[in-house]
Amino acid sequence: MSATGSLFGLAYGDSMGKPTEFRRFEEIVREYGPAGPSDLPEGALVTDDTQMALAVAEALLEQPAGRDPEPEPLIASLTKHFVAWAHSPENNRAPGMTCLRACGGLAQGRPWTEATQRGSKGCGANMRVTPVGLVPGLPEDTAAGIAQVQAALTHGHATALAASDLTAFATRWLLAGMAPADLVPALRERCREQRSVYQGTWLGDDLWRVPGRESPQDFIAHGWDDCAAVLDRLAAALVRPEPEADPCLATGEGWIAEEALATALLCFLMHPDEPVRALGRAAATGGDSDSIAALAGAFAGARLGMAAFPAGWAGRIEYRDRLARAGAVWDRQ
Ligand SMILES: [Mg+2]
């Protein structure tokens with residue numbers, strides 16, 4: 001159980017899914033075999049998923065020590081790191097359009113409530129949220145507010161907010177030692193319990209004002225309902241898992257937020273004690289393979305720690321110094 005394990009697990013999955021992201025399932029298994037890849041690719045480069053997760057992690061690390069992060073300074077740090085990512089020459093890893101558009105607005109100095117893409121529930125917000133689940137000692141409501149507002153900077157859709165919240169909480173709970181078998185029931189319970197909770201302290205009083213939504217509670221309930229529906233599909237898939245089939249057939253291709261969460265969980269939960277198998281499966285999917293594998297890796301690493309992955313991987317993965325630095329701060333606390 002470690003923050004370092006989760007950050008490296010995210011990067012390992014992202015790297016394994018990078019060469020397979022835009023390829024068909026049949027083509028991937030023809031090349032790698034039915035279980036998918038079992039090693040990092042040559043060069044072990046990652047994609048925008050890890051780059052943006054590092055942006056979130058480093059914004060969190062910038063907050064004053066000894067007290068809980070507060071909305072205004074944290075949003076300023078997130079904005080700074082997202083814009084730096086957008087302008088970086090290393091931002092050449094098939095980044096999502098929603099992030100590029102929103103970061104363009106943020107870079108011009110527009111407030112995030114104007115820069116955000118309100119119609120987008122792409123997976124770009126929850127593929128980067130797992131570091132929020134690794135910060136020690138955050139009160140639940142603060143963790144929820146941070147998970148959602150980091151999403152809201154680019155993806156203003158209620159489902160992107162709810163899926164980011166659940167993704168952060170899955171990571172947090174696994175880090176705290178929750179048994180894998182308890183995870184889906186706990187996430188479904190959270191959908192029920194949070195259904196009418198709008199994190200106004202963090203999200204402000206404007207984001208929910210979209211056509212067809214009557215109140216903040218009504219706005220966010222639609223997001224939780226989308227997540228609850230895909231968790232129903234996940235629970236059904238786990239009754240009779242098919243480890244050699246394309247997981248996307250059961251829980252979706254993962255281009256959208258709630259499906260990325262569910263399909264990543266499916267890969268992780270089919271192999272909760274074998275992270276390399278979980279990542280191989282997640283990388284060999286017909287959908288958004290790098291994001292699915294990145295999340296599966298973050299879950300597996302939070303639960304199992306660094307020792308569960310092959311020893312040689314840590315010295316090969318791109319951004320290993322930044323991943324190690326963030327993990328060391330949180331594992332020490
Ligand atoms: Mg990516």
Exercise. Which one of G280, V83, H155 is farthest out on the positive end of the charge dipole of the chain, using unit charges on Cβ (Lys, Arg +1; Asp, Glu -1) and the Cα centre as origin?
Worked result: V83
Exercise. Spin-label point model (7 Å from Cα, Cβ direction): what's the A307 to Q217 distance in nm?
Worked result: 4.9
Exercise. Taking a ≥ b ≥ c as the square roots of the eigenvalues of the Cα gyration tensor of segment 19-73, is the shape rounded (a/c under 1.5), prolate (a/b larger than b/c) or oblate?
Worked result: prolate
Exercise. Counting only heavy atoms of protein chains, what accessible area per residue, in Å², does segment 3-332 have with a probe of 1.4 Å?
Worked result: 37
Exercise. For the chain, what's the relative contact order in percent, using C-alpha pairs closer than 8 Å and at least 6 residues apart?
Worked result: 34
For this session: Could you let me know the centre-to-centre spacing of segment 262-333 and segment 192-236, using Cα atoms, in angstrom?
Result: 28
Seminar exercise, completed: Note, D68: beta-carbon cut-off 15 Å, +1 each Lys/Arg, -1 each Asp/Glu, net -3
For this session: Specify the residue with the greatest mean-square fluctuation among G13, G122, G33, computed from a Gaussian network of the chain linking alpha-carbon atoms under 10 Å apart.
Result: G33
Exercise. Ignoring ligands, DNA and RNA, what percent of the accessible area of the chain is carbon or sulfur (1.4 Å)?
Worked result: 51
For this session: Find which of V230, S291, G327 sits farthest along the positive direction of the dipole of segment 3-332, computed with +1 on the beta-carbon of Lys and Arg, -1 on that of Asp and Glu, about the Cα centre.
Result: G327
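The values are calculated or read from the model by the stated rules, or taken from the named source; none is laboratory data. Remember, predicted model here, so these are calculated numbers, not experimental data. Positions of Cβ are backbone-derived with ideal geometry, glycine not excepted, and every protein chain shown enters the neighbour counts. With ligands, DNA and RNA removed, areas are computed over all heavy atoms of the protein, side chains included. Shrake-Rupley method; radii C 1.70, N 1.55, O 1.52, S 1.80 Å.
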